[in-house]
Each structure stands twice: as structure tokens, then as C-alpha cells.
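One structure is given below, encoded as C-alpha cells.
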Amino acid sequence: MRKRRENVYLDNGATSFPKAPGVGEAMCQYIERVGRNVGRGSYAPAMDAAGQVLSVREKLQKLVNAPSSRNVLFTPGATWGLNLLLHGLLRPGDKVLTSPMEHNAVLRPLEQLKARGVEVELLPCTGRGELSLDGLEEKLTSNIRAVVLTHASNVSGNLFPIGTVGRLCRARGIFFLVDAAQTLGALPVDMTDMGIDGLAFPGHKGLLGPQGIGGLAVTDALAAELEPLVSGGTGSMSESLHMPPFLPDKLEPGTLNLPGIMGLGAALDYLLEQGEELRQRERKLARHLWYRLKELDGEGLRVLGSDDPYNRVGVVSVDFTHADNAEMAFRLEQEYGIQTRCGLHCAPLAHQTLGTFPQGAVRFSIGPFTTFGELDYMEGAIEALL
Ligand SMILES: Cc1ncc(COP(=O)(O)O)c(C=O)c1O
């Protein structure tokens, strides 16, 4: 086996690293040279900063094809956006459909809502974590308030047929809420075409931005039904003790994470500049990762998820069949410098579905800056350990 390489980072599913060039500089520039709040003072530097915030909102609107830039809200991340959607929309007596492949950012708020009288039904998935569409149309009845699904599982890396489900929901007036934590930036997402009413995403994964900033895109119909979870100052309608009824102010209280927005803006500029080329490279890397691990399938490990190398993002989890998963992850890091994530990945029902509960699995996840050589090295390291 080749010499130990330092820092082969294969945990981009948790957060991407490195970030897009220019992210750190944009954040630093805001903190050190601008520093003014937006939507409050009307002096020139504050107005300039407000203009920059608007331009990031507009870039996100174009990226996800939201109805308008005011339909894009800044949030601290996907978790916050999903909570806003679920707690803001669902009332006692409502029924919601979801899947067992969801992250705890969906499952935990739903569990809280269950205790308050919301009915939650899990749609069936195969043992490979694929959503079964059989019988779905019959389940989409008038008593369903919303369907909430992840675009890609953060355990198997497989994609769900979001467009198909979204269009079924739209035709029936059912709100469709999507967790795009593992896809936005890596794959195209068109909320209008895919029938999505609420799209939550983090800035720090596929968008290659900093932690602590993310977004939530909502249709007007959904926004009208959402109760703000947090109320406070917006710099608008200050005479009123109620949140303004219009977007984004209705759902965006308090001072925004301005350094985060500036960093996210720089990341979006980079992604736009790189265009389809970067996405294609990432998709090729995702397949390369899958093929490298699949070569070892049955030789001391089991690759989780579906057998389709194309219907996936760059996340692959494996269950070591003759060794302890945690020990393998530890040795990969200690002996080869390969950083992965072992455990249940905040998705306990996904692991139950895939047959890896409670032991969990070892997750390998690439980003656009991973190299093909690193993935070959990873395969060699696993082979050597096995
Ligand atoms: C599928 C999925 N949903 C939601 C989240 C939560 O994202 P964040 O921690 O940025 O709020 C994650 C993060 O790992 C995820 O993988």
C-alpha cells in the first residue's frame, strides 16, 4: 500500500471542504470594511450592503427557479428551514406523508408535531432505500396537508423522484416540501417545474458556502399558510406589533447573518462561473466513488443503497461485514488519513430501512474538489485493511 496521505477529506456530506475560492475573503471584507446592518439605516454603506443581500437572494432565486427573489428567505441552514416549514404549516388534525429515509431535521420536528395531534405516515421504501411509488396516488387524498421528502438520502446517496411526487401533489393542492440538503449545488433543482412549495437548503454543503447560512424558498400559496416561528424586528412596518404579511419580512425576523450571506454570494458566483462543468465533474466523481466501493462489495463490506450509479449524489455508505464499522473508520483515519463519518448519520429510520441499525455504517462523501486519485487511494486503503 502506498504511503500515508494526510487529510483525504471524504466527509463532504457533513459539510463541504474546501469552500469555493473567494468565500473567506468576501466574509472578511464585509466584517472589516462594510459592517453595516441592512433594512435599518438609510445611509449609503447600509444601502450598498442591502443591494448585495438582494443580489444573493436573486442568485438563489434563479438557481432554484423560485417565483421571485422575495420568495427566498435566508435561514441559518436546512434544519431551520425545515422546522419553519413543518411547525409553521402543520396544525393538530393535519396529516403529513414522509419517508423513513429522512434526516432528523425532518423526523424530529415531525415527532414533536405528532405529540400535538399531527398524523404522520411513512411512505414505504425498499430495503435499498428506494421510495416505492406503488399506491402513492391513492394515498394523496384530500386529508393530506403536505408531503415532505428528501431529494437525496444522506446515507445511501440515492435520489428520490422528487419531480414525479411534486407534480402529483400540485395537481391535488397538497403542499410539497423538499429537503435539498444533499443536492443543491450538485444537481439542478427547479422548484416550479418539480412542483415544490417549500425547498430548504444549507449554504455549507453543495453550495460551497460557509456554515450558519442557508435558505428556504417558498411559493406564495405556502407562505400565506406559514405561521412565523420567530417574531421580531424586520425594519419594516415598525408601527405594528405583528409581523408584516409580505415576504421575505414575514418569515425573516432579526438581523441577518450578513457575513454568511456575503460568503454564500461569493460561493454562488464561483458556481455560476464554473457552470455545468463543475457539476459534471462532481457527478463523475460520485460514480467513481460508487464503482470503487462496489468493487469491494461482498469482499468484507456491503454497499448500501440502490444499484444505479447514475441516480445518486456523491455519498456512499458501507457496512463492514467482518469488522466493526467504527474501528474501520478509525483505522482509515489513523493509518491512511482518510476522514469519513461513521454511525447513524442523524437518520435512524434510514439505517433501519437499510438493515444497518443500530450499528450504523461508514459514509464516504465527495465534493467537487475531491480527486479521482484520492478515491483510488481510498479503495486501496480499504482493501489493505480488509
Ligand atoms: C439530508 C439532510 N437534511 C438536513 C440536514 C441538516 O442540514 P444543516 O445541518 O445544515 O441544517 C442534513 C445535514 O447533514 C442532511 O444531510
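Within region 207-258, the residues that satisfy the criterion of being of a type in the set (A, V, I, L, M, F, W, C), without any contact (Cβ under 8 Å) to a residue 60 or more places away in the chain and more than 23 Å from Asn65 (Cα to Cα) are Val230, Met237, Leu241, Met243. Scanning region 128-158 for residues that are of a type in the set (Gly, Ala, Ser), more than 11 Å from the ligand (Cβ to nearest atom) and not in a loop (DSSP other than H, G, I, E, B) gives a single hit, Ala146. Quick check on region 110-120. Is at least one of its residues under 22 Å from the mean Cα position of the chain (by Cα), surrounded by 15 or more Cβ atoms within 10 Å (Cβ to Cβ), at pLDDT 95 or above and more than 15 Å from the ligand (Cβ to nearest atom)? Looking for residues that are under 22 Å from the mean Cα position of the chain (by Cα), surrounded by 15 or more Cβ atoms within 10 Å (Cβ to Cβ), at pLDDT 95 or above and more than 15 Å from the ligand (Cβ to nearest atom), one finds at least one in region 110-120, hence yes.
Within region 89-107, can one find any residue that is part of a helix (DSSP H, G or I) and more than 24 Å from the chain's Cα centre (by Cα)? No, the conditions are met nowhere in region 89-107.
Scan region 92-109 residue by residue and report those that are within 16 Å of Val147 (Cβ to Cβ) and more than 8 Å from the ligand (Cβ to nearest atom). Passing the criteria: Asp94, Lys95, Val96, Leu97, Thr98, Ser99, Pro100, Met101, Leu107, Pro109.
Yes or no, residue by residue, for (1) out of contact with any Phe, Trp or Tyr (no Cβ under 9 Å at 6 or more places or on another chain); (2) assigned by TED's automatic domain parsing to the domain that holds Arg287; (3) among the aliphatic types (A, V, I, L, M):
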{"site": "Leu107", "(1), (2), (3)": "yes, no, yes"}
{"site": "Lys114", "(1), (2), (3)": "yes, no, no"}
{"site": "Leu122", "(1), (2), (3)": "yes, no, yes"}
{"site": "Glu130", "(1), (2), (3)": "no, no, no"}
{"site": "Arg145", "(1), (2), (3)": "no, no, no"}
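Looking at Gly195, is it farther than 17 Å from Leu272 by Cα, of a type outside the set (Lys, Arg), more than 16 Å from the ligand (Cβ to nearest atom) and surrounded by 16 or more Cβ atoms within 10 Å (Cβ to Cβ)? Yes.
Here region 32-45 is the region considered, the condition is being within 31 Å of the chain's Cα centre (by Cα) and part of a helix (DSSP H, G or I), and the residue that is farthest from Ser236 (Cα to Cα) is Glu32.
The values are calculated or read from the model by the stated rules, or taken from the named source; none is laboratory data. Just so you know, these numbers come straight off a predicted model, no measurement behind them. Cβ atoms come from the backbone with ideal geometry, glycine included; neighbour counts cover every protein chain shown.
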